[in-house]
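These notes are about the structure you will find just below.
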Amino acid sequence: MSDLSSRAETLRRTLNRYAHEYYVLDAPSVPDAEYDRLFQELQAIELAHPELRTADSPTLRVGGQPLPQFAPVTHVIPMLSIRTETDVSEQGALAFDASVRKELELSDSDSAVEYAAELKFDGLAISLRYEDGVLVQAATRGDGATGEDVTQNIRTIKQIPLRLRESEGGAAVIPKVLEVRGEVYMRRDDFEKLNARQRELGEKTFVNPRNTAAGAVRQLDPKIAAERPLSFYGYGLGAIEGWVLQPDTHSSVLNALTEFGFPVCDIREVVQGGAGLVAYHARVAVLRDDLPFDIDGVVYKVNSIGLQRQLGFRTREPRWAVAQKFTAEEVLTTIEAIDIQVGRTGALTPVARLAPVFVGGVTVTNATLHNQDEIERKDIRLGDTVVVRRAGDVIPEVVSVVLDKRPMIDVLGADLFDVKHVEQYPAYRLPTQCPVCGSHAVREVGEAVTRCTGGLICAAQRKEAVRHFASRRMMDIDGLGERYIDNLVDLGYVNSLADLYRLTLDDFLEMKRRADDRDGATPESVKAGQVTTKWAENLLVGIEASKQPPLARFIFALGIRHVGESTAKTLADWLGSLERIRHAPAPLLRLLPDIGSTVANSLAEFLAEPHNQQVIDDFLALGVTPQGEHVPNPALREKLTLGALLAALEIPKLSAARCNALVVSNSSLAELSSFSLGRLQDAGLSKDIAQSFFDWLTTPAAEVLLQLDTLRTDLLAALPAAEAVPQGVLSGRTLVLTGTLPTLSRDDAKAMIEAAGGKVSGSVSKKTDFVVAGEAAGSKLQKAEELGVKVLSEEDLIQLLG
Ligand code: IVH
């Protein structure tokens, strides 16, 4: 046995060395077949003796079982971000040097500051933790304080050592703990190959290397992650124990990382002062298009770690580092057509169809022209030669027109002889009718956007609304792609969002048949009488599965103008139920945090439309049940005062202070309606303001006062009784959630705890009162046990909350 165990050890070490030579140094010392032979030998040993498999075994690189979810990882040393200098000129780099010198109180006669200049890789930040030289954990950055445990996936990246390399002769000490930070990215050639393979398989291609790399790392099935060709560059350290670095500089940290076996990018320099930074920026600007991977700029770091410490941090960013980008790439091309796109809210967006050009790493064929004002400002016309810019992920943009190249076109003159003559294309004007549904397109005063007034009559708006509704962050209807949506709307199967839940298998099959017919694309197999149904069955399963969305997502999915993800969450958190939200009048909405007049009015307008309420009724009748409803937020009690409600009516001249003064001795708003002019003045209003309010009280708008009273009483009654929950059973308590709870989602559990006055924190400390642990609870549970913090099950929690 000990022979086998030492053989396994030798095999691991040899294979790890070969992998380093092959993947990091790009200098293999043995043929692939030799590697494979040893790999299989190790696999066979581990199969027969699973106890001999260790965390640094290269056989773990193939990816294990899929995970239900990622466990959270607290970063002992937070993963910070770097400030980006917006000035891409030399001045940007010089300004950084000046700020460092100022902070260090250096005078002009002091010598230049030394910097480590390196590339800013465009991928995903990862922290790799090695204990006694072995990779034990890999985590994403997350919010900087807590990330996700992606060890299984990271192990599949062959450039990342599973065990730190010991230098020749074994002189270097292996630290007790070493956290290496760096970027996981995908090379451009690997990305192209991956997409070529996707195309061959008839699968969807990926958009860009960065998203693909990030998606692979956050992939729950490590086998899929293992199939994505990822690379890694180290650029820094996290926690360290048992290791002292000499000399104490960033550049020597990077050198040490290469010694330990990590890939570190060669395009780095130690430079002196601002001039050195400028020179590095210029050097990389020339190189960047030819690099084998995408970069997002360069990073400058003060080289001395002693000085880094002295400079410290400003909120979440170090003062000793800055990132600087490059001027966005610009090219010339021509406008072949100007099309109009109709968005979900009816906005008509002019889009330039361009002669294809390669810019910023992709081929660009479209560029947004934004709106009429922008077109006029730049005087963009059909046929123009234009400067197009693309920076990073941003939508390509037409920067300017090259007027010298404006073409002349032949037109027939309106004279008797039909003589041709040439002139320029006329200035472009947005249409006054929607190109999709023919409804009027209007531009409201003070608005830049021209909108189709067709609402859901307009197929374009309907399609966008369905697309929005079905998308991942909303109802997440699996498989309902663009083509299906277009056909469902165009062929009249979906006229309102709720129709999605009325679709039957027959509808789908008929739709497909008609669409194929229309496009002359009926497959031979169908003509021969074979009809495939699997796709439609899958879609129906996807639709069925979407019927229980969290309340906030459902609200977001409705596509109400100005109601984004965070507003939807506010509504769900504060009002707690669909019933309360759908009947909330604008003044109540205005009282909620972060909801201003625009949002409140837009929501109220939406809810006032009977057909919108009908759609909500239809959803409910068809079995759509928003999840996680709860009592309104108890803090509503303080917000829902008569004075605040009155102020939220935004009655002219009536300030918040006056509103409060007016209702001091009232128990309802309705009482105000019977106030005489004199009484209003007695209540402290000046003659002028009293008159204005008195006038308002006689308008029909004042009826809302009665409604608000009822609404307020109902809402207050729905709140947990003030005495029953002495400011919440969990007031002043801090809880931590970990693992998967049997019935409650994280958000629900959090809402319940908060409703009971408790606080939910992300990490366990001595100050934690309870840890609520579910299935697959990890390090937090362990920590709770170590610290003697009380651990609750979901059942315990529910019991505690009564
Ligand atoms: S150092 C305290 N170096 O940029 C500084 N970050 O804004 C910690 N990044 O998401 C980061 N290349 O993943 C550093 N050479 C480099 C980098 C780099 C890319 C990313 C990093 C993080 C973001 C920081």
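The values are calculated or read from the model by the stated rules, or taken from the named source; none is laboratory data. None of the values given here were measured: they were computed from a predicted structure. Note that we place each Cβ from the backbone using ideal geometry, even for glycine, and neighbour counts take in every protein chain shown. Each accessible area value is taken on the protein alone, full model and side chains, heavy atoms only, with ligands, DNA and RNA left out. Shrake-Rupley method; radii C 1.70, N 1.55, O 1.52, S 1.80 Å.
Observations, loosely collected:
- Filtered by the rule that a residue be over 20 Å from LEU646 (Cα atoms) and crowded, with 17+ Cβ neighbours inside 10 Å, region 588-611 gives PHE606, LEU607.
- Lone unmet requirement of (1) exposed (fewer than 15 other Cβ atoms within 10 Å of the Cβ); (2) within 16 Å of the ligand (Cβ to nearest atom); (3) among the hydroxyl-bearing types (Ser, Thr, Tyr) for TYR185: (1)
- Condition met for VAL362 (in contact with a Ser or Thr (Cβ under 8 Å, 6 or more places away or on another chain) and modelled with pLDDT under 95): no
- For region 121-153, filtering for residues that are open to solvent by 50 Å² or more (accessible area, probe 1.4 Å) and within 10 Å of the ligand (Cβ to nearest atom) leaves 1.
- Of all residues in region 250-299 being of a type in the set (Val, Ile, Thr) and more than 15 Å from the ligand (Cβ to nearest atom), the one that is farthest from THR86 (Cα to Cα): VAL286
- In region 68-116, residue least open to solvent (accessible area, probe 1.4 Å) [restricted to those that are more than 14 Å from ALA323 (Cβ to Cβ) and among the basic types (Lys, Arg)]: ARG101
- When residues in region 526-571 are screened for being outside any helix (DSSP H, G or I) and free of Cβ contacts under 8 Å to residues at least 60 places away in the same chain, 10 of them pass.
- Residue check for TRP574: of a type in the set (Phe, Trp, Tyr), more than 22 Å from TYR484 (Cα to Cα) and at pLDDT 90 or above: yes
- Residue count for region 205-245 under the criterion of being among the polar types (S, T, N, Q) and either free of Cβ contacts under 8 Å to residues at least 40 places away in the same chain or within 14 Å of the ligand (Cβ to nearest atom) (or both): the result is 4.
- Restricting attention to region 47-65, the residues being assigned to a helix (DSSP H, G or I) and open to solvent by 60 Å² or more (accessible area, probe 1.4 Å) number 5.
- Unmet requirement for ALA71, which otherwise passes all of (1) more than 24 Å from the chain's Cα centre (by Cα); (2) more than 16 Å from the ligand (Cβ to nearest atom): (1)
- Here VAL357 fulfils each of the conditions (1) open to solvent by less than 60 Å² (accessible area, probe 1.4 Å); (2) within 29 Å of GLN91 (Cα to Cα) apart from (2).
- Selection count, region 235-251, where residues are charged (D, E, K, R) and buried (at least 16 other Cβ atoms within 10 Å of the Cβ): 0
- Selection from region 449-463 of residues that are under 24 Å from LEU382 (Cβ atoms), open to solvent by 40 Å² or more (accessible area, probe 1.4 Å) and not charged (D, E, K, R): VAL449
- Residue within region 188-204 that is part of a loop (DSSP other than H, G, I, E, B) and in contact (Cβ under 8 Å) with a residue 60 or more places away in the chain present: no
- Scanning region 218-250 for residues that are more than 21 Å from GLN310 (Cα to Cα) and in a helix (DSSP H, G or I) yields a count of 6.
- Index of the failed condition, GLU330 passing every other in (1) at pLDDT 95 or above; (2) away from the ligand (no atom under 14 Å from the Cβ); (3) open to solvent by 30 Å² or more (accessible area, probe 1.4 Å): (1)
- The single residue among ARG513, ARG502 that is in contact (Cβ under 8 Å) with a residue 60 or more places away in the chain and among the charged types (D, E, K, R) turns out to be ARG502.
- In region 334-359, the residues that are under 17 Å from VAL387 (Cβ atoms) form Cβ pairs under 7 Å with partners that are of a type in the set (Phe, Trp, Tyr), at six or more places apart or across chains, as follows: ILE338/TYR428.
- Selection count where residues are farther than 30 Å from VAL270 by Cβ and of a type in the set (Asp, Glu), scope region 211-255: 2
Quick grid of which residues meet (1) hydroxyl-bearing (Ser, Thr, Tyr); (2) more than 28 Å from the chain's Cα centre (by Cα); (3) part of a helix (DSSP H, G or I); (4) closer than 20 Å to LEU497 by Cβ:
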position: ASP573; (1), (2), (3), (4): no, no, yes, no
position: ARG590; (1), (2), (3), (4): no, no, yes, no
position: THR598; (1), (2), (3), (4): yes, no, yes, no
position: GLU605; (1), (2), (3), (4): no, yes, yes, yes
position: GLN613; (1), (2), (3), (4): no, yes, yes, yes
position: GLY623; (1), (2), (3), (4): no, yes, no, yes
position: GLU629; (1), (2), (3), (4): no, no, no, no
position: GLY643; (1), (2), (3), (4): no, yes, yes, no
position: ALA647; (1), (2), (3), (4): no, yes, yes, no
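- When restricted to residues that are surrounded by fewer than 18 Cβ atoms within 10 Å (Cβ to Cβ), in a loop (DSSP other than H, G, I, E, B) and of a type in the set (A, V, I, L, M), region 750-802 contains 2.
- Taking the criterion of being over 26 Å from ASP266 (Cα atoms) and touching a helix residue (DSSP H, G or I) at 6+ places or on another chain (Cβ under 6 Å), the residues of region 17-38 that qualify are TYR35, LEU38.
- Any chance ARG181 is among the charged types (D, E, K, R) and at pLDDT 95 or above: yes
- Screening TYR23 with (1) open to solvent by less than 60 Å² (accessible area, probe 1.4 Å); (2) within 27 Å of ASN153 (Cβ to Cβ); (3) aromatic (Phe, Trp, Tyr) gives one miss only, at (1).
- Residues that are charged (D, E, K, R) and either in contact with a strand residue (DSSP E or B) (Cβ under 7 Å, 6 or more places away or on another chain) or surrounded by 15 or more Cβ atoms within 10 Å (Cβ to Cβ) (or both) within region 479-515 comprise ASP486, ASP490, ASP499, ASP507, LYS512, ARG514, listed in sequence order.
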